[in-house]
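Engineer: Sending over a structure as structure tokens; questions will come in a sec.
The values are calculated or read from the model by the stated rules, or taken from the named source; none is laboratory data. The shown structure was predicted, so the numbers you read here are calculated from the model rather than taken from an experiment. Quick reminder, even Gly has a Cβ in these numbers, built from the backbone with ideal geometry, and neighbours come from all protein chains shown. We work out accessible area using only protein heavy atoms, side chains counted, and drop any ligands, DNA or RNA first. Shrake-Rupley method; radii C 1.70, N 1.55, O 1.52, S 1.80 Å.
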Number of protein chains: 4
Amino acid sequence: MHIGFIGLGGMGAAMASNLVRAGHDLTVFNRSRDKAAPLAEMGARVAEDIAGACTGECVVTMLADDAAVRAVALGPDGIVAHLAPGAIHISSSTIGLDCSKALAEAHAAAGQRFVAAPVFGRPDAAEAARLFVVAAGAPEALAACEPVFDAIGQRSFLLGDEPSAATIAKIGGNFLIASTIEALGEALALGARGGIDPHAYLDLLTNTLFGAPVHKTYGALIADGAFTPARFAAPLGAKDVGLALEAARALKVPLPLAGLIHDRFVRLINTGGAERDWAALGGLAFEDAGLPPQSPAAASDAESR
Amino acid sequence: MHIGFIGLGGMGAAMASNLVRAGHDLTVFNRSRDKAAPLAEMGARVAEDIAGACTGECVVTMLADDAAVRAVALGPDGIVAHLAPGAIHISSSTIGLDCSKALAEAHAAAGQRFVAAPVFGRPDAAEAARLFVVAAGAPEALAACEPVFDAIGQRSFLLGDEPSAATIAKIGGNFLIASTIEALGEALALGARGGIDPHAYLDLLTNTLFGAPVHKTYGALIADGAFTPARFAAPLGAKDVGLALEAARALKVPLPLAGLIHDRFVRLINTGGAERDWAALGGLAFEDAGLPPQSPAAASDAESR
Amino acid sequence: MHIGFIGLGGMGAAMASNLVRAGHDLTVFNRSRDKAAPLAEMGARVAEDIAGACTGECVVTMLADDAAVRAVALGPDGIVAHLAPGAIHISSSTIGLDCSKALAEAHAAAGQRFVAAPVFGRPDAAEAARLFVVAAGAPEALAACEPVFDAIGQRSFLLGDEPSAATIAKIGGNFLIASTIEALGEALALGARGGIDPHAYLDLLTNTLFGAPVHKTYGALIADGAFTPARFAAPLGAKDVGLALEAARALKVPLPLAGLIHDRFVRLINTGGAERDWAALGGLAFEDAGLPPQSPAAASDAESR
Amino acid sequence: MHIGFIGLGGMGAAMASNLVRAGHDLTVFNRSRDKAAPLAEMGARVAEDIAGACTGECVVTMLADDAAVRAVALGPDGIVAHLAPGAIHISSSTIGLDCSKALAEAHAAAGQRFVAAPVFGRPDAAEAARLFVVAAGAPEALAACEPVFDAIGQRSFLLGDEPSAATIAKIGGNFLIASTIEALGEALALGARGGIDPHAYLDLLTNTLFGAPVHKTYGALIADGAFTPARFAAPLGAKDVGLALEAARALKVPLPLAGLIHDRFVRLINTGGAERDWAALGGLAFEDAGLPPQSPAAASDAESR
């Protein structure tokens, strides 16, 4: 396929690489041109501007936030202005509900097609083409996107005709991660005050009912107090839970947990945590309990048979 | 081993059966005598009173709540009054921190030993001897209990000298389950209002980052709206999160999530949900969002490749 | 003064009447023309369109929400397009921070002046010219508005140069009202479950530490369960607390109480309360406590000496 | 009347003085004897032990907490053991629901009478005999206590036969104060981030809808950041909101605000605020918003006409 790709950050560059590796004819564009160099070496073309990335059957965007996506897609020289009728814009960033709907409308008005296809997975999963793709849009559009999804992910979940469903699914998923961080932080802090080493407690939890990747990944960061360098910084967590609250408002859904968590993220950012991983939300529970910051397990006291 | 066993409810009866099957010399006692009959047929002795179950090396209690445990252990004709010096009381119920400490003190004062050994697992796991045992107490006492733990569970986690550590670990674990129910309820309700079928959403979640037993079990109950008959009723959930709050108060740990969840349980119970499974906490999120009660997936609209 | 006035709802009509009574030369405009008739009888001119109300030294707007204010002020035939250089737009509606800032910028760009001057008080206070005016803007602009404020209110509070300060002050004030409703609801429900008649309890509270108008007004509505007809309906309360959360997000201020209250408003609206007064938030506390709806004091059991 | 008085802390000493001034025959007892000296000078008798203060028609207790009240009333040489049949124990401390019920039962069993009569007011109000007395108990007992209430307070509120009603009323009142502190803290922090000087904002609030003593007293402390020395320290606030939660649990009333506030008190205490006034709860909102600690108004920027 002839595919355009806009946004070569950590996630985007890895996804674009996998599209090249899968044999697609890829044209990339990034505001900072130097990010495109490694892909050029792999055989991708490098566009001079957004228009140059909009000449194929589809164009994928992987950008920082709603403002960036709106600028790239809806701006005067944006995707909507240049994409051919019938061609598809695949938006893989985590965006808000309003933004998703605005994109769907603008593309429909221009005779183009829009597929929301956000992904779950960290950069290492993106590099290994092991992302989970959550996609929604017109059935034929989804079918046409299949080769793209197959090149970047291990599995796709199709959520129907409305692109916004995929948008919501991703937002809700990130909210669930943040909820897990908060809950684990509280439980491990309670345990610590009750005399249980956090690593021993986590070992128990992850080997019984709480063995999902989300528990293991974030539980270890909290137990270790390993919040820097951030892999996904607290302000991004605040942004994503903020998107959940924004969607909740539009859809009239009370989300008490999301409200609580968002406020704790804002506090974390305001009190020195802006550079920390969003797992540091779990560290607040330790701080509030009057506990010293956690530290990595040296030789854990945990025993288990 | 010569073991006493007090409390033959669903969990207790299953655990006692496995002790008999493992070849132990078991003497059981239950306030309602008829519950003891099946165990007698398997070969257990049946005691006439608490004292009659306190003649061996250890006695296991599996009772409804703190009040029952205090009555059985600390009452005038209770375990403390009858257990031999050096013998061990293994408390497997989910009890509160105060209760756990009171038992430890009373047994110590009587020259007896106390091990807190609550378990994770539903009755089916108890029957299959697949429980997870979380135990704490003096090292020699734990070592002596090993045959008991091996007969009832698939794995034991030892949390050190202080029995209360095991008590807290269990309370914290149940709080984490309740947190997961609340978070899943909110996320699935947000999705439903955003056009995502709850079963399709749950399929996505459990096949990506949220694949722990706790997600699958409670997610399915919420997506199906399958809250009756209760396997673990809402008042029990309220009780256990209440134990977390009680422990949190004693240990000076803020638990904002636990506070939020406890109040939602009380509301659920006060507004017609007293007979429902604690997963119905997740149903409140649907109700608050103005959604009709969920229903089982007939032929789910979910697609996934 | 020659003053324009746009928006003749309950509050606006009363404020406009007082401007006429105070001797000002008033030109009114309202989308539904019939609302203007009573003012015409009092001596006001009636404009045909927005432009017609923008010919004086200042124009006051009192409209339903941000969307209405933006349309009237920023739309193609709006205030910004027609107001004379140096003339003042006085915005008295409760609007959001973003909206307030957009108005300030647009008027500045057009060489006009903008004063945010929201008011505290219900329609009866507006009729009696007993409103409290909270105003902010350039000092000379505020000085020029003084006759307007004096005609409609009993007292003005000036909050400095930035119009958005007055906007925030009003939003924060409405959040405080909602907080009081929630707190009183919880306290009266606790009392009711503890055997205290809500009217007796309210009598005690309002005659001791809690004697502010906000306590008396909303406490009586809650104790009486008098939620219809609404004087200020729940969706308006949800909107205003939503404005507080939106401002809080922009200003990076955690507002845990506001989050909790907003979600309860959404629940109230989704479960049959859309037509009720926002005091019905306090009724939720009774519902959650399993209490029957409150009812007016017939002959209160309260005694006091 | 011949009255006993036990507990001569700041509040108790002031109340006892007023009983002497009103001409009653007072016998006081305090664990630390030196506190009794000033009363002896005024003409009170000083008892050697609890029994010595139990020889009159009634005995008033004003003690630190439930534990103290239980010890003094229910202990082996306590009030119940020594009070004459028909004599009245007037408990004026803020105590918990369980404690109140235990006292009522114990006195009833001993043929004595129990009146719960907690008071609203700070030490200066106690000295001025300007307390508000909230009382409940058997009608004849209340009538008999009238001279006591009149000597210490400006007004009494009688809440019926069940002493626990007065207990709950006081607990609920203190919860309302804490709610007001939290709400004002959030609103003033939002304002401060929005460019409004806290003193100017408070001036506006207290002169419009929020003019109750609770707003003025605590608003000023928050705007000034005047949290030391504590007049009522944070741990006492945590205790009282904890009593509200304990009563809420017993009465099955969800109190989401109380849960939120209690956790913030615990955090405050754990992070250096144990010596601060409970108004410092409002300071947390400033801290969480990334604002510097507030400071007293030098020459406030506030203007008002």
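Engineer: Residues in region C:185-208: is at least one under 23 Å from the mean Cα position of the chain (by Cα) and more than 7 Å from chain D (Cβ to nearest Cβ)?
Structural biologist: Yes, the conditions are met somewhere in region C:185-208.
Engineer: Enumerate the pairs (first residue in region B:263-276 and without any contact (Cβ under 8 Å) to a residue 12 or more places away in the chain; second residue anywhere and open to solvent by 40 Å² or more (accessible area, probe 1.4 Å) and in a helix (DSSP H, G or I)) with beta-carbon separation below 8 Å, excluding pairs fewer than 6 apart on the same chain, so at least 6 apart or on different chains.
Structural biologist: Hits for this filter: B:271/C:287.
Engineer: Given the residues A:142, A:103, which is the only one that is under 21 Å from residue A:156 (Cβ atoms), assigned to a helix (DSSP H, G or I), touching a residue at least 40 places away in the same chain (Cβ under 8 Å) and not assigned by TED's automatic domain parsing to the domain that holds residue A:174?
Structural biologist: Going through A:142, A:103 in turn, the sole match is A:103.
Engineer: Scanning region C:99-110 for residues that are open to solvent by 10 Å² or more (accessible area, probe 1.4 Å) and farther than 22 Å from residue C:146 by Cβ, which turns out farthest from the other protein chains (Cβ to nearest Cβ)?
Structural biologist: That would be C:110.
Engineer: Considering only residues that are among the hydroxyl-bearing types (Ser, Thr, Tyr) and at pLDDT below 95, which ones fall in region A:11-35?
Structural biologist: A:32, the sole residue that qualifies.
Engineer: Kindly provide the set of residues from region A:207-233 that are free of Cβ contacts under 8 Å to residues at least 60 places away in the same chain and under 21 Å from residue B:132 (Cβ atoms), ordered by number.
Structural biologist: Scanning region A:207-233 gives A:208, A:209, A:210, A:211, A:212, A:213, A:214, A:215, A:216, A:219, A:220.
Engineer: Let me ask something additional. Within region D:228-241, count every residue that is open to solvent by less than 30 Å² (accessible area, probe 1.4 Å) and either in contact with a Lys or Arg (Cβ under 8 Å, 6 or more places away or on another chain) or under 23 Å from residue C:155 (Cβ atoms) (or both).
Structural biologist: Residues that pass the stated criteria total 2.
Engineer: Would you pick out the residues in region C:191-212 that are open to solvent by less than 10 Å² (accessible area, probe 1.4 Å) and within 30 Å of residue C:243 (Cβ to Cβ)?
Structural biologist: C:205, C:210, C:212
Engineer: Next question. Looking at residue D:165, is it among the small types (Gly, Ala, Ser) and over 25 Å from residue C:190 (Cα atoms)?
Structural biologist: Considered against the rule, which asks whether it is among the small types (Gly, Ala, Ser) and over 25 Å from residue C:190 (Cα atoms), residue D:165 comes out as no.
Engineer: Please count how many residues of region A:148-165 are without any contact (Cβ under 8 Å) to a residue 60 or more places away in the chain, open to solvent by less than 10 Å² (accessible area, probe 1.4 Å) and more than 7 Å from chain B (Cβ to nearest Cβ).
Structural biologist: The qualifying residues number 1.
Engineer: OK, next. Residues of region D:257-273 being within 7 Å of another protein chain (Cβ to nearest Cβ) and open to solvent by less than 30 Å² (accessible area, probe 1.4 Å), which ones?
Structural biologist: D:257, D:258, D:259, D:263, D:266, D:267
Engineer: Would you say residue A:152 is within 18 Å of residue A:264 (Cα to Cα) and either modelled with pLDDT of 95 or more or under 20 Å from the mean Cα position of the chain (by Cα) (or both)?
Structural biologist: For residue A:152, the condition - within 18 Å of residue A:264 (Cα to Cα) and either modelled with pLDDT of 95 or more or under 20 Å from the mean Cα position of the chain (by Cα) (or both) - is not met.
Engineer: Then there is this: Here is a list of conditions, (1) surrounded by fewer than 23 Cβ atoms within 10 Å (Cβ to Cβ); (2) more than 25 Å from residue A:212 (Cβ to Cβ); (3) of a type in the set (Gly, Ala, Ser), and residue B:225 meets all of them except one; can you say which number that is?
Structural biologist: Condition (2) is where residue B:225 drops out.
Engineer: Out of everything in region C:111-121 that is in a loop (DSSP other than H, G, I, E, B) and within 16 Å of residue C:78 (Cβ to Cβ), what residue ends up being least open to solvent (accessible area, probe 1.4 Å)?
Structural biologist: By that ranking, first place goes to C:112.
Engineer: In the set B:12, B:43, which member is under 29 Å from residue B:108 (Cβ atoms) and small (Gly, Ala, Ser)?
Structural biologist: Of B:12, B:43, the one residue that is under 29 Å from residue B:108 (Cβ atoms) and small (Gly, Ala, Ser) is B:12.
Engineer: Taking residue A:204, is it touching a residue at least 60 places away in the same chain (Cβ under 8 Å) and under 24 Å from residue B:281 (Cα atoms)?
Structural biologist: So residue A:204 fails the test.
Engineer: Now for a separate question. Please state which one of A:129, A:136 is at positive phi, touching a helix residue (DSSP H, G or I) at 6+ places or on another chain (Cβ under 6 Å) and either open to solvent by less than 10 Å² (accessible area, probe 1.4 Å) or more than 10 Å from chain B (Cβ to nearest Cβ) (or both).
Structural biologist: A:129
Engineer: Does residue B:250 qualify as being open to solvent by 30 Å² or more (accessible area, probe 1.4 Å), over 25 Å from residue C:291 (Cβ atoms) and either of a type in the set (Val, Ile, Thr) or within 14 Å of chain D (Cβ to nearest Cβ) (or both)?
Structural biologist: Yes: the conditions hold for residue B:250.
Engineer: Continuing with the same structure: Give just the number: which of (1) buried (at least 21 other Cβ atoms within 10 Å of the Cβ); (2) free of Cβ contacts under 8 Å to residues at least 40 places away in the same chain does residue B:124 not satisfy?
Structural biologist: (1)
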